[in-house]
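Derivation of every value follows stated rules applied to the coordinates shown; laboratory data play no part. Just so you know, these numbers come straight off a predicted model, no measurement behind them. Note: ideal-geometry Cβ built from the backbone for every residue, glycine included; neighbour counts use all protein chains shown.
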Amino acid sequence: MTLLETQENRSAPISRRGLLTVLPAGAAGCLGCARAAACAQQAQEPLAGHSWAEKADLTWEQVFRFAYQKDLIPLLRVLSERLGREEFLRLLREAGDAVVGKKAAGRPPMVRDLVTFAASMKNMPPIIQHTLEAEIVEQTPEAFEYRVKKCLWAKVFRDESAADIGYVMICYPDYAVARGLNPKLKLIRTKTLMQGDDSCVLRYVMEG
């Protein structure tokens with residue numbers, strides 16, 4: 001039974017730095033212009049017809065590579081080198097737990113049984129639907145288990161040789177999220193794509 005589906009897109013990622021190289025070229029053109037002052041004045045005028053609410057013509061893989069690969073992952077790798085890899089991963093893990101814990105603090109359990117939890121997992125937001133390919137393995141009142149066959153997060157972080165950072169940042173917080181939904185909800189995960197396995201296996205049970 002298919003939970004989420006996505007198709008791999010091989011379009012080349014868009015580079016923010018690549019886009020910015022247009023600006024120096026335009027500036028150099030104005031330096032040789034007899035009416036440089038007029039060009040500078042025109043450059044200060046805002047561009048019309050653009051809005052943050054407009055949809056970008058990008059694939060989900062391009063979005064992920066723009067968001068993670070171009071700046072964030074290199075930044076995290078530099079921080080890990082300066083702090084020491086193990087210490088950096090420990091701090092990142094603790095920070096993730098703290099963020100999730102703060103969101104769940106004082107909130108009543110959002111999931112009271114596995115039937116409700118399974119229903120919510122089938123109604124994932126678009127970003128999850130387009131970046132994971134998964135199938136349900138077991139769905140009973142005692143357990144809900146699914147297997148992820150493709151994960152765009154794993155692909156992007158592994159392509160950058162930063163799978164350990166990706167696991168701590170993207171995968172590890174799943175445990176805290178389960179506790180935040182209900183202190184009795186337990187995640188049992190035996191494999192992850194991020195760590196080099198052939199799939200992610202996530203099994204949820206309700207303790208007590």
- What residue among Leu152, Ser199, Ile128 has its Cα farthest toward the positive end of the dipole of segment 69-206, where the charges are +1 on Lys, Arg and -1 on Asp, Glu, each on the Cβ? Ile128
- Item | Karplus-derived 3J(HN,Hα), 6.51/-1.76/1.60, for each residue of segment 135-152, Hz, glycine and proline x | 9, 7, 9, 8, 9, 9, x, 9, 7, 10, 9, 9, 10, 9, 8, 9, 9, 5
- Note the full-extension length gain between Ala98 and Arg203 as 0.36 nm times their separation in residues minus their Cα-Cα distance, in nm to one decimal. 35.5 nm
- Task: Sticking with the crude label model, points 7 Å out along Cα→Cβ, report the distance from Ala105 to Leu75 in nm, one decimal please.
- Result: 2.5
- Message: Would segment 75-208 count as rounded, prolate or oblate if I go by the C-alpha gyration tensor, calling it rounded below 1.5 in a/c and otherwise prolate when a/b exceeds b/c, oblate otherwise?
- Response: oblate
- Query: Here are some pairs, Lys122/Lys186; Lys70/Lys155; Lys55/Lys149; Lys70/Lys102; Lys103/Lys186; which of them have Cα atoms lying more than 21 Å apart in this structure?
  - Reply: Lys55/Lys149; Lys70/Lys102
